[in-house]
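Structure, as structure tokens:
Readers should treat all values here as calculations from the given coordinates under stated rules, not as data from a laboratory. Computed from a predicted model, the values in this text were never measured in an experiment. Every residue, glycine among them, receives a Cβ derived from its backbone with ideal geometry; neighbour counts consider all protein chains shown.
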Amino acid sequence: MSEPMIVLEGLTKSYGKHRGIENISFSVNSGEVFGFIGPNGAGKSTTIRTLMGLLKPTGGCASIFGLDCGQYAAEIAKDVGYLPSENCYYNDLKVREMLQYTADLYGMDCNSRMEELAERLNLDLSRKIQDLSLGNKKKVGIVSALLPSPKLLIMDEPTSGLDPLIQQTFYEILREENKRGMTVFLSSHVLSEVQKLCDRVAILREGKLIDVQSMEELRGNGYKKISLTTKEPIMKGFFSIPGVANLKQGQECTSASFMFSGNTMTIMDKLHQLKLEDIFIEEPSLEEIFLHYYE
């Protein structure tokens, strides 16, 4: 098995009283699409900026291609496409000039690729940066990151500001690039996005790593979402058993919904004690599983 492309070991960044990140450790394999998920303010951007060598860690270390992210940032950058969460451009430049500037930094002729990506993302190369909407500025960032066909693509909240049709095109492009061998690391607070794209995810909460799981593990960890209605009120505390989470009961106690993880027969025996009117058992969405992690 090849060496991991990204390795974080006890990575910590403190901002005094303000939350940064604390003791984060995980690795990203070559050829993987890896999601870094958590709500806004969880520490995703701090982690990514530290990976890019833009922030110096307070503790621990991070490496890309086996090179220390702080010490060899310039060398690493040659093979990395990077999209920050907020883009800052030269407003007086036209889009084509801005993207040509990116190509020149990488020392590459990217004209045909620039045209192709701009066409697919419906980006007008002749407009000035200052005249673009937020969504179109995001497209400039995406094209800029993809332009040199890097070994590793690091993207921080890539789809914020994009309309749904462009989002779908963007997902298609990422899948194609990944098939060609590009490793993708992207942060998101939109779980449906991660569900469509990623092989594995790291879950971040309040600057701390909660878990790293494959999408199969996250979906197939035994959770079932159960919604039911009954002919008679359900006794208080009836569902106070191990494995029941996120319990919500109707005001008249004749309806309930919850997540369950554990032995199926345990919950079936429990449900058998109720005078059921209707029941619906399904696999929870990633969003619901994720909320469970937060509770």
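Annotations
- Förster radius 25 Å - calculated FRET efficiency between GLU206 and LEU134 (Cβ-Cβ, nearest 0.05): 0.35
- Available extension along the chain between MET235 and GLU9 is 76.5 nm, counting 0.36 nm per residue and deducting the alpha carbon span.
- Efficiency of FRET between ASP79 and LYS17 - r from beta-carbon atoms, R0 51 angstrom, step 0.05: 0.85
- Spin-label pair LYS248/TYR89, simplified geometry with 7 Å Cα→Cβ offset, distance in nm: 4.1 nm
- Spin-label model, ASN111/CYS61: points 7 Å from Cα along the beta carbon direction are separated by 4.4 nm.
- For the listed peptides 243-251, 55-63, 200-208, a ranking on the average number of other beta carbons within 10 Å per residue, highest first, reads 200-208, 55-63, 243-251.
- Cα-Cα pairs of the stretch 124-268 separated by more than 22 Å (percent): 58 percent
- Alpha-carbon centroid distance for the pair the stretch 194-212 / the stretch 79-102, whole angstrom: 28 Å
- Simple spin-label estimate for GLU119 and GLU283 in nanometres, 7 Å along Cα-Cβ: 3.8 nm
- Based on C-alpha pairs under 8 angstrom that are at least 6 apart in sequence, the chain has a relative contact order of 20 percent.
- Normalised by 2.2 N^0.38 Å, where N is the number of residues, the C-alpha radius of gyration of the chain stands at 1.20.
- Of LYS78/LYS208; LYS17/LYS78; LYS137/LYS196; LYS56/LYS78; LYS128/LYS196, pairs whose Cα-Cα distance is over 27 Å: LYS78/LYS208; LYS17/LYS78; LYS128/LYS196
- Efficiency of FRET between ASP269 and ASP68 - r from beta-carbon atoms, R0 51 angstrom, step 0.05: 0.40
- Taking amide hydrogens as placed 1.01 Å from N in the peptide plane, the amide H of VAL33 sits under 5 Å from those of VAL184, ASP199, ARG200, each at least 5 positions away in sequence or on another chain.
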